[in-house]
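Read through the structure below, which is laid out as structure tokens, and then see the notes.
The values are calculated or read from the model by the stated rules, or taken from the named source; none is laboratory data. Treat the numbers as computed from the prediction; the structure is a model and nothing was measured. Ideal geometry is used to build each Cβ from the backbone, glycine not excepted, and the neighbour counts take in all protein chains shown. The accessibility values were calculated without ligands, DNA or RNA, using every heavy atom of the protein model including side chains. Shrake-Rupley method; radii C 1.70, N 1.55, O 1.52, S 1.80 Å.
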Amino acid sequence: MTDSPDDPLAGAQLDTLAIRAGIERTHEGEHAEPIFATSSYVFPSAAEAAARFAGEQPGNVYSRYTNPTVRSFEQRIAALEGGEAGVGTASGMSAILSTAMALLKAGDHVICSRDVFGTTTNLFGKYMAKFGVEVTSVPLLDIAAWQAAMRPNTAMLFLETPSNPLCEVADIAAMAALAHAGGALLVVDNCFCTPALQTPLALGADIVVHSATKFLDGQGRCVGGAVIGSEEHMTEVVTFLRTCGPTMSPFNAWVFLKGLETLRLRMEAHSAAALDLAHWLQARDAVVRVNYAGLPTHPGHALAARQQRAFGGVLSFEVAGGQDEAWRFIDATRIFSLTANLGDTKSTIVHPATTTHGRLSDEQREAAGIRPGLVRLSVGLEALDDLKADLQRGFDAIA
Ligand SMILES: *Cc1c(COP(=O)(O)O)cnc(C)c1O
């Protein structure tokens, strides 16, 4: 890692770590990171096999435990997030599952933001609850509700910022203070910003989780995830992963390693394009509201400007009318991909109320601000003029 005095990466900046951290060159002298497509490892002797199994000697045993390509990814993402250790997982959901299973027990209480990825809500509300973990869901920005929800057995606060699809911005330092005052951990899903734009651990969070499927890959190829935190917490998470098995595949780790190399450049380009589109959308008569923290009119603008290095690649806007207009708008676009995925070089468009948030009741959707006319964009890296021309097809369809 980056803390030993003879480490050439000690004190290195994000751009250097994104390209250099975690490299373990083999005797072949390969320049790019190799993919270790192996399930197990050969021991030089029976005594060494015994020592490795007993944990008395370092070395690989089996790829559910360790794999050199996955380890390179783990070291690199940990370095970027500024964490002592990191671990790769099979998906973003398995990152969250592993964190919950490793750090919670029956009788614990969790406070989870209402405005997290829908499957995260199900993971806590359906599965963790089944094992005796109590879960309270509160609106992301309702600090009084978070405070009121704190109990003596509250062990974890979980949130995503900025939120999806309304781009609400939570104060990570304030949430960490609230968690720690009650003896709880703060877990932040940093999927939307990535460490290129926001480092929650530096703001006091205890654990960062990722869906690497999104911006870390950046080209929509692989499903994966990561958990980053202190040695103490990560030892628990790693033990869960090695025992229960939702580990990252070496091929996927290699794709994510390559993705990390261009992460900052991509995140800045996504952010610049999204900011331009947000202003362009806001000036349209058929748009009722644009949700993007880069807009000075957004309630989270000042906080995001302080907490993030740019405003990210995801925004949403509400067209006048309702679902019918939103659907006609979406169906008229021909370059934007109609998919719920995000964080891709390809721009994507989706109607949250009937897809990502379709399982909520009408009342729950209304309370969460997911209105029928809302359209979410993940702004990719195509030419902005072409994206605007494509969105114009949508405006023409509802004019
Ligand atoms: C996609 C996503 C997840 C889940 O990740 P998978 O890789 O799909 O399992 C979790 N959190 C956020 C914010 C996401 O966007």
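3J(HN,Hα) along region 345-358, derived from phi through the Karplus expression 6.51 cos²θ - 1.76 cosθ + 1.60 where θ = phi - 60°, amounts to 4, 7, 5, 10, 9, 7, 9, x, 4, 10, 10, 4, 10, x Hz, with x in place of Gly and Pro. Residues whose amide H lies under 5 Å from that of V350, counting only those 5 or more places away or on a different chain, are R376; hydrogens are built 1.01 Å from N in the peptide plane.
Would you kindly calculate the translational diffusion coefficient of region 161-256, applying Stokes-Einstein with the Kirkwood radius from alpha carbon pairs, for 10 °C and a viscosity of 1.306 mPa s, and quote it in µm² s⁻¹ without decimals? Write out the running numbers ahead of the final one.
Working: Rh = 14.5 Å.
Estimated diffusion coefficient is 110 µm²/s.
Computed extension length for T16-T339: 113.0 nm, one decimal, from 0.36 nm per residue of separation with the Cα-Cα distance subtracted. Pairs of Cα atoms nearer than 8 Å and 6+ residues apart set the relative contact order; for region 264-397 it is 28 percent.
Of the trypsin sites (Lys or Arg not before Pro) found in region 9-105, the ones in coil according to DSSP and having at most 14 other Cβ atoms within 10 Å of their Cβ are R25, K105. Taking the charge dipole of region 264-397 about its Cα centre, with +1 at Lys and Arg Cβ atoms and -1 at Asp and Glu Cβ atoms, the residue from H298, F317, A353 reaching farthest to the positive side is H298.
Please state, to two decimals, what the Cα-based radius of gyration of the chain comes to when divided by 2.2 N^0.38 Å (N = residues).
Rg over 2.2 N^0.38 Å, computed on Cα atoms: 1.01.
Evaluated at q = 0.10, 0.12, 0.15 Å⁻¹, the base-10 log of the normalised Debye intensity for region 209-350, with identical point scatterers placed on the Cα atoms, takes the values -0.46, -0.64, -0.90. Under a model in which nothing but the beta-carbon of Lys, Arg (+1) and Asp, Glu (-1) is charged, region 183-287 shows a dipole of about 360 debye around its Cα centre. Annotation: lysines with alpha-carbon distance below 29 angstrom to K258 (same-chain offsets under eight excluded): K214, K346. Summarising the strand pairing of the chain, around 55 percent of its internal DSSP beta bridges are antiparallel.
Short-range pairs are left out: with C-alpha atoms under 8 Å and at least six residues apart, the relative contact order of the chain is 16 percent.
Heavy-atom accessible area for D276, with the other protein chains in place and a 1.4 Å probe, reaches approximately 60 Å². Using the Cβ of F329 as centre and a radius below 10 Å, the other residues enclosed give a net charge of -2, where K and R count +1 and D and E count -1. Describe numerically, in nm with one decimal, the distance between label points set 7 Å from Cα along Cα→Cβ at C244 and at A202. My value for the distance between the label points is 3.1 nm.
What is the dipole size for the chain, taken about its Cα centre, with +1 at each Lys and Arg Cβ and -1 at each Asp and Glu Cβ, in debye to the nearest 20? Display every interim value, and only then the final one.
Numbers: 30 positive and 43 negative charges, 131 e Å.
It works out to roughly 640 debye.
Got the relative contact order for region 160-228 handy, in percent, Cα pairs under 8 Å and 6 or more residues apart?
Numbers: 99 pairs, mean separation 18.1, N = 69.
It rounds to 26 percent for region 160-228.
Shape of region 276-344 from the C-alpha gyration tensor: oblate (a/c of 1.5 or more and a/b not above b/c, with a ≥ b ≥ c the square roots of its eigenvalues). Remark: region 390-398, residue by residue, has Karplus-estimated 3J(HN,Hα) of 5, 5, 4, 4, x, 4, 4, 6, 10 Hz, where x stands for each Gly or Pro and the curve is 6.51 cos²θ - 1.76 cosθ + 1.60 at θ = phi - 60°.
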